[in-house]
Amino acid sequence: MKIAIVHNNNEKSLAVTEELKLLLIKNNFSIDKRNPDLIITIGGDGTLLSAFHRYAHLLDSVRFVGIHTGHLGFYTDWRDYELPELVASLVNDKGESISYPLLDVRVTFQGRKESSHFLALNESTMKRVDGTMVCDVFVKDELFERFRGDGLCVSTPTGSTGYNKSVGGAIIHPRLEAIQLAEIASINNRVFRTLSSPMIVAPDEWIRIKPITTDGFILTVDQLSSSEKNIVELQYRIANERIHFARYRHTHFWSRVEDAFIGAKNKYEV
Ligand code: NAP
C-alpha cells in the first residue's frame, strides 16, 4: 500500500508525522505523495479538507484516514496516541471503506462559455460583503423565492456540522443523500420574504442561484474563498463522485455530534 501523509504545521502534528513515518516504514509501507492508495491526514478536520482538495483528482482510487491531534473530529477517527493501533489496522487492511456524498458546484460567468466546476466536502457559500445579496433561488428549474440577505450556504451531510450549523442549518446523518440550503442573515419584513428556515432537497433535485446584482461576491468552497464578479448562475447538486474513508472501526455519528457540541459535563449541569 502506498501512503501519503498530509499534516498541518503545529508542533504536535509535526511530531506525530515523524512518529507515523517511522512506524509505516518499519511495517514495509511506502510513502508516495504523488500516487497514493491511502492518504493519512494529521491535524484536524481542516487538515482533512485540505488533503481532499489536494487529491480531488484521485477520488475514485484513494481512501482517507484522519488522525486528530486535538479533540475527535468529524472526519478524523483516530487520536494522535493511537498510532500503533492504526498501523496494525493498515497491516491487516482488507479494503474496508465507507463513502460520503460530495457537493457539485458549477459557476457560470458572464461572457464565458464554459462554467467552472468545483467539488466541496463541507459546503459552498455565496455571500455579498458590500451590501445586500439579492438573488433568485430555484429548486430544479422552478423559481422558489427571491432572497435578500448576507448570503446562502449549501452543504453536504458531513459538512452539516460545520458552517451550516453555525447559520442555523440542521445536522444531517451522513448516510443520507441530500444537500441542504441554509440562509445567512436573510431580510424578512413586511416587504421582503424568504423561507427563513433551512431546506433539504432530494437526491435528484438541484439548487440554482441567480444573482440580481452580479458583482461583489465572495464565493467559498470549503476553506477556499475568492472574490467574484459577473456571476450569472450557481448550480448545486449531489456530485457523482464520493469521498472514501478507510474504516477500521466505527464511531456512532450521533456520539460524535454529542461529543463535539454537548459534552458530558453540559448534559448533567442544571
Ligand atoms: P478554520 O476557520 O480554521 O476552522 C473552522 C472550524 O471548523 C475548525 O474547528 C474545524 O475543525 C471545524 N470543521 C471543519 N469541518 C467541520 C465539519 N465538517 N464539522 C464540524 N466542524 C468542522 O477553517 P478550516 O479548518 O480550514 O475549515 C474550513 C471549514 O470550517 C469550512 O468548510 C466551514 O465548514 C468551517 N467554518 C465554520 C465557521 C463557523 O462555524 N462560523 C466559519 C468558518 C469556517 P478542526 O479544528 O478539527 O480543524
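Read-outs throughout are calculated quantities, based only on the coordinates presented, and are distinct from any laboratory measurement. The shown structure was predicted, so the numbers you read here are calculated from the model rather than taken from an experiment. Cβ sites come from the backbone with ideal geometry, for glycine too, and all protein chains shown count toward neighbours.
Within the chain, how many lysine pairs that are 8 or more places apart, or on different chains, have C-alpha atoms less than 14 Å apart? Intermediate results must be reported in sequence, preceding the final value.
Numbers: 2/21; 2/26; 2/33; 21/33; 127/210; 127/229; 140/210; 210/229.
Here the count comes out as 8.
Normalised by the empirical 2.2 N^0.38 Å for globular proteins, what value does the Cα Rg of the chain take?
In units of the 2.2 N^0.38 Å rule of thumb, it is 1.10.
In whole Å and largest first, what semi-axes does the C-alpha gyration tensor of region 102-240 yield when each eigenvalue is scaled by 5 and square-rooted?
They are 20, 18, 14 Å, listed from largest to smallest.
Please report the antiparallel percentage of DSSP beta bridges with both residues in the chain, rounded to the nearest 5. Each step should come with its number before you reach the end.
Values: 56 of 72 bridges.
If we restrict to bridges inside the chain, about 80 percent are antiparallel.
Once amide H atoms are placed 1.01 Å from N in the peptide plane, what residues at a sequence separation of 5 or more from residue 32, or on another chain, have their amide H within under 5 Å of its amide H?
Correct list: 3, 4.
Given charges of +1 on the Cβ of Lys and Arg and -1 on the Cβ of Asp and Glu, with all other atoms neutral, how large is the dipole of the chain about its Cα centre, in debye to the nearest 20?
Rounded to the nearest 20 debye, it is 220 debye.
Rounded to the nearest 20 debye, what is the charge dipole size of region 77-192 about its Cα centre when +1 sits on each Lys and Arg Cβ and -1 on each Asp and Glu Cβ?
560
Count neighbours as other Cβ atoms within 10 Å of each site's Cβ, and list the chymotrypsin sites (Phe, Trp or Tyr not before Pro) in region 141-215 that are DSSP loop with at most 15 such neighbours. It would help to have the intermediate numbers written out before the result.
Values: sites: 144, 147, 163, 192, 206; in loops: 192, 206.
Of the chymotrypsin sites (Phe, Trp or Tyr not before Pro), the ones in loops of region 141-215 whose Cβ has at most 15 other Cβ atoms within 10 Å are 192.
Filter the GluC sites (Glu not before Pro) in region 73-118 down to the DSSP loop ones having no more than 14 other Cβ atoms within 10 Å, then list what survives. Could you put the intermediate results ahead of the total?
Working: sites: 82, 85, 96, 114; in loops: 96, 114.
Those satisfying the criteria are 96, 114.
Quick one: net charge of residue 30's neighbours, Cβ under 13 Å, K/R +1, D/E -1? Kindly include the intermediate steps, with their values, before the conclusion.
Values: positive: 2, 21, 26, 33, 34; negative: 32, 37.
Net charge in that neighbourhood comes out at +3.
Within the set of other residues whose C-beta is less than 13 Å from the C-beta of residue 191, count the net charge using Lys and Arg as +1 and Asp and Glu as -1.
+4
Which one, 230, 120, 178, projects farthest toward the positive side of the charge dipole computed for region 102-240 from Cβ point charges (K/R +1, D/E -1)?
Result: 230.
Which of the three applies to region 1-99, rounded, prolate or oblate, going by the alpha-carbon gyration tensor with a ≥ b ≥ c and a/c under 1.5 meaning rounded?
Here region 1-99 falls in the rounded category.
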